[in-house]
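A short worksheet on the structure shown next.
Please treat every number below as a calculation from the coordinates, not as lab data. Owing to the predicted nature of the structure, the values given are computational and were not obtained by experimental measurement. Positions of Cβ are generated from backbone atoms using ideal geometry, with glycine treated the same way; all protein chains shown enter the neighbour counts.
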2 protein chains.
Amino acid sequence: MSHQLSNPMIDEVSGLFSALGDPSRLKILRSLLDAKEPLSQGAVAEVAGLSQANASKHLTCLVRVGLVTREPEGNAVFFSPVLPLVADICDLVCGHVSDRARHTYKALK
Amino acid sequence: MSHQLSNPMIDEVSGLFSALGDPSRLKILRSLLDAKEPLSQGAVAEVAGLSQANASKHLTCLVRVGLVTREPEGNAVFFSPVLPLVADICDLVCGHVSDRARHTYKALK
DNA sequence: TAATTAAATAACCAATTAGTAATTTAAAAT
DNA sequence: ATTTTAAATTACTAATTGGTTATTTAATTA
């Protein structure tokens with residue numbers, strides 16, 4: 001019933017949503033979801049179309065808020081989305097946005 | 001399966017998450033959820049502890065992304081959270097944050 | 001050991017944004 | 001008609017942040 005949104009949690013929750021509120025980070029999450037296996041930082045940068053340093057910063061952010069896990073392996077570092085959380089959140093919000101787009105379309109014709 | 005996160009949607013989705021990624025706007029949403037009835041802008045500002053101009057701007061933002069509806073009535077304007085979307089999102093993320101807090105606590109003792 | 005590859009960090013810039021105080025618009029009440 | 005009340009808007013400031021390039025750290029390979 002979302003009474004769970006207590007005052008002490010508000011900053012952490014807003015931090016998590018802020019992490020989700022950036023196009024580059026959403027592209028990273030989509031890349032990780034689509035891959036269905038851990039991706040190295042280089043692979044993430046490649047697939048999401050980001051520079052190396054930029055991908056590094058965004059991945060650090062996603063790990064910090066707990067949306068992505070980090071697994072070093074030799075020279076590289078591999079990342080995975082935290083499931084089912086990430087998929088659930090995307091589903092919820094994408095459904096909402098799709099509905100709104102549909103309504104806008106209907107309203108225009 | 002979140003394949004729904006197509007490129008053209010990314011900007012809109014990130015806009016929605018950005019709207020959620022602010023403590024003041026989360027306080028507004030919590031106020032509206034707790035009230036269980038529409039609140040005037042003045043009431044929102046009062047309950048959430050925000051100035052009038054600030055509440056006005058944040059409410060405009062929440063309406064723009066479709067998380068809150070707006071209903072003028074005489075002199076005043078009343079606002080309601082869009083259900084079940086808002087409650088569902090809060091539940092999902094609050095659950096995640098609670099779990100992480102629990103894990104941190106366990107790790108410390 | 002030297003060279004290479006992968007990721008993290010530092011320094012910096014441009015753009016966005018949350019907040020405030022003050023003003024304006026518009027409806028309600030006297 | 002005047003006053004009062006509620007909300008929107010404007011102008012401004014301080015802080016945050018997404019992006020870049022260049023450098024550093026650390027592990028692998030030759």
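Worth a mention:
- Candidate set from the stretch B:62-86 (those that are within 12 Å of chain A (Cβ to nearest Cβ) and buried (at least 17 other Cβ atoms within 10 Å of the Cβ)); member that is nearest to residue A:5 (Cα to Cα): B:86
- Single residue of the stretch B:2-30 satisfying the filter (over 15 Å from the mean Cα position of the chain (by Cα) and more than 7 Å from every other protein chain (Cβ to nearest Cβ)) that is surrounded by the fewest Cβ atoms within 10 Å (Cβ to Cβ): B:8
- In the set (1) within 8 Å of DNA strand C (Cβ to nearest atom); (2) out of contact with any helix residue (DSSP H, G or I) (no Cβ under 6 Å at 6 or more places or on another chain), the condition left unmet by residue A:45 is number (2).
- Residue in the stretch B:31-57 that is farthest from residue B:69 (Cα to Cα), counting only those that are within 12 Å of chain A (Cβ to nearest Cβ) and free of Cβ contacts under 8 Å to residues at least 40 places away in the same chain: B:49
- Scanning the stretch A:95-103 turns up no residue that is assigned to a helix (DSSP H, G or I), buried (at least 20 other Cβ atoms within 10 Å of the Cβ) and away from chain B (no Cβ under 12 Å).
- Scan the stretch A:48-73 for residues that are near DNA strand C (Cβ under 8 Å from one of its atoms) and out of contact with any helix residue (DSSP H, G or I) (no Cβ under 7 Å at 6 or more places or on another chain) and the total you get is 4.
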